[in-house]
Amino acid sequence: MKPDVFLKRSSFPAPVEELFAWHLRPGALQRLAPPWEWVEVGEDAPPGEGSRAVFRIRAGPLKIRWTAVHSGFIQGRQFIDTQERGPFSHWQHTHRFIPEGGSSCALEDEIRYRLRGGRAGRMLMGGFIRRKLDRMFEYRHRIIREDIVHSRGRKPISVVVTGASGLIGHGLVPYLTTQGHIVTRLVRGVPQRRDEAHWNPDRGEFDHTLEGTDAVIHLAGEPIGTGKWSAGKKSDIIKSRVAGTRLIAEQCAACKKPPATLLCASAVGFYGDRGDSLLSEDAGRGGDFISGVCAAWEEAARPAIDRGIRVVFMRIGVVLHPQGGALGRYLTPARLGLGGIIGSGTQYISWISMDDMIGAIDHFLFNPEISGPVNVAAPEPARNREFVESLAGALGRPAAFSLPACLIRLTFGQMGREVLLSSTRVSTQKLIDSGYRFRHVSIGSAFRALLGKQNGPG
């Protein structure tokens, strides 16, 4: 049986050498994975004759290992990925880079594939696979175009990142590396890769010099949105943020040539439960536990501020990505039609899509006039009811259930009160006035993009 053929060709406003180089940078495979597809990259050697990419994908409840061998390598023009092990009977993906004259070129992705199960497999799954490829490569070509246009005229910088394995860091690092920046990840364990260095804020260990580093992005911290807050959990939440930030700030300040920029994660929880009030950065802290944590978190960066380093406190809202965080936890019940409105459903959620989270960090890195606290959330906060119903609508599922506030308090205690039931509605005018342009303004558009449902349920 002849293989099926999928072809996607797009033009790009860049020289062919620039487009080819983007594909060879570390993190390209991870950067190109659509948010609605679970992909775990194990080995991702740059394309070259005989090199391999090893990753896992999810098919329903199963996680399938996929190994692809790179071949047919022609510098600046082509490389081929052939499945060595994976879900298809045959899979060969040819990447062609075609000059179009001047400073433009085309990328042509051609995939020849055969499904397992012969004709029966083709009848059962052929249409599904074709639609999946259409969505995936529309996303891939859009991401490449946006990234290449965005990086034009910039010089690569050196960046140190903490929390690189967390939800934000997992998406941020591939973005930075495919932009050509040199990234060092600080890890608590023994470094396993050349781009890793050890630190342990609990013990004051820091085995990497920040001397001459251009920027530090500090994202590390104990997760707050799961389970009850025991005394031990609350202690871990405080220590992980305050001790880590203080160590980073002190290391920056001790340098003869310190980093120019420190981007430090904080949270909209700084403001506490404020009902329907629209909160700018000067609204003042709230009076609950998380508010106190955020205030101490930001104060811990004082050594860097006193050294004259530009510090941005990113007061981050609920970051939306299907593979983790609040959306990741909520997605399975929502797909089963069991998504529920929490409490009254009137409490505001200040949210931000992962695309805009990464975009805002990039914006902070390259706009030196921005400093101090900045609310990092979409311009249109959503009430809990709108959040739940918009997600259900994107999935084509009902949202008929509700979870009474008393049940939330009983099940989750203080965490439920401060995270699930509290209302925080922040203004993003400072971010907008600095020149940032959001990709996703409404919660509905964000869900459709993140779930690959741009044309509605299906």
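Can you find, within segment 82-121, the residue that is least open to solvent (accessible area, probe 1.4 Å) among those that are β-branched (Val, Ile, Thr) and free of Cβ contacts under 8 Å to residues at least 60 places away in the same chain?
Once the filter is applied, the top-ranked residue is Thr94.
Any idea which of (1) touching a residue at least 60 places away in the same chain (Cβ under 8 Å); (2) open to solvent by 50 Å² or more (accessible area, probe 1.4 Å) is the one Trp36 doesn't satisfy?
Only one criterion in (1) touching a residue at least 60 places away in the same chain (Cβ under 8 Å); (2) open to solvent by 50 Å² or more (accessible area, probe 1.4 Å) is unmet by Trp36, namely (2).
Which of (1) open to solvent by less than 30 Å² (accessible area, probe 1.4 Å); (2) free of Cβ contacts under 8 Å to residues at least 12 places away in the same chain; (3) among the polar types (S, T, N, Q) is the odd one out, the single condition Asn200 does not satisfy?
Unmet condition: (2).
Take the residues in segment 280-298 that are touching a Ser or Thr at 6+ places or on another chain (Cβ under 6 Å) and in a loop (DSSP other than H, G, I, E, B), then tell me which one is least open to solvent (accessible area, probe 1.4 Å).
Filtering segment 280-298 for residues that are touching a Ser or Thr at 6+ places or on another chain (Cβ under 6 Å) and in a loop (DSSP other than H, G, I, E, B), the one least open to solvent (accessible area, probe 1.4 Å) comes out as Ser280.
Per-residue answers, yes or no, for (1) in contact (Cβ under 8 Å) with a residue 60 or more places away in the chain; (2) surrounded by fewer than 18 Cβ atoms within 10 Å (Cβ to Cβ); (3) of a type in the set (Gly, Ala, Ser):
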residue	(1), (2), (3)
Pro404	yes, yes, no
Phe412	yes, no, no
Thr428	no, no, no
Gly435	yes, yes, yes
Val441	yes, yes, no
Leu450	yes, no, no
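So that you can scan it fast, the table gives a plain yes or no per residue for (1) of a type in the set (Val, Ile, Thr); (2) part of a strand (DSSP E or B); (3) under 24 Å from the mean Cα position of the chain (by Cα); (4) at negative phi:
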{"site": "Ser10", "(1), (2), (3), (4)": "no, yes, no, yes"}
{"site": "Glu40", "(1), (2), (3), (4)": "no, yes, yes, yes"}
{"site": "Arg58", "(1), (2), (3), (4)": "no, yes, yes, yes"}
{"site": "Trp66", "(1), (2), (3), (4)": "no, yes, yes, yes"}
{"site": "Gly72", "(1), (2), (3), (4)": "no, yes, no, no"}
{"site": "Ile80", "(1), (2), (3), (4)": "yes, yes, no, yes"}
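Quick check on segment 42-55: of everything there that is crowded, with 16+ Cβ neighbours inside 10 Å and free of Cβ contacts under 8 Å to residues at least 24 places away in the same chain, which residue is nearest to Gly117 (Cα to Cα)?
So the residue we want is Val54.
Hey, can you tell me all the residues within segment 227-238 that are free of Cβ contacts under 8 Å to residues at least 12 places away in the same chain and open to solvent by 50 Å² or more (accessible area, probe 1.4 Å)?
Ser230, Ala231, listed by residue number.
Which ones in segment 337-384 are hydroxyl-bearing (Ser, Thr, Tyr) and open to solvent by less than 20 Å² (accessible area, probe 1.4 Å)?
Scanning segment 337-384 gives Ser350, Ser353.
Could you count how many residues in segment 364-387 are in contact with a helix residue (DSSP H, G or I) (Cβ under 8 Å, 6 or more places away or on another chain) and either more than 20 Å from Leu420 (Cα to Cα) or assigned to a helix (DSSP H, G or I) (or both)?
Number of matching residues: 6.
Just checking, does segment 239-248 include any residue being open to solvent by 40 Å² or more (accessible area, probe 1.4 Å) and part of a helix (DSSP H, G or I)?
Checked segment 239-248: at least one residue is open to solvent by 40 Å² or more (accessible area, probe 1.4 Å) and part of a helix (DSSP H, G or I).
Would you point out the residue of segment 149-183, among those that are under 20 Å from Ile248 (Cα atoms) and in contact with a Lys or Arg (Cβ under 7 Å, 6 or more places away or on another chain), that is surrounded by the fewest Cβ atoms within 10 Å (Cβ to Cβ)?
Ala164
The values are calculated or read from the model by the stated rules, or taken from the named source; none is laboratory data. In this text the structure is predicted, and so the values were computed from the model without any measurement. Here the Cβ is made from the backbone with ideal geometry for all residues, glycine too, and neighbour counts use every protein chain on show. Areas reflect the complete protein model, heavy atoms only, side chains present, ligands, DNA and RNA absent. Shrake-Rupley method; radii C 1.70, N 1.55, O 1.52, S 1.80 Å.
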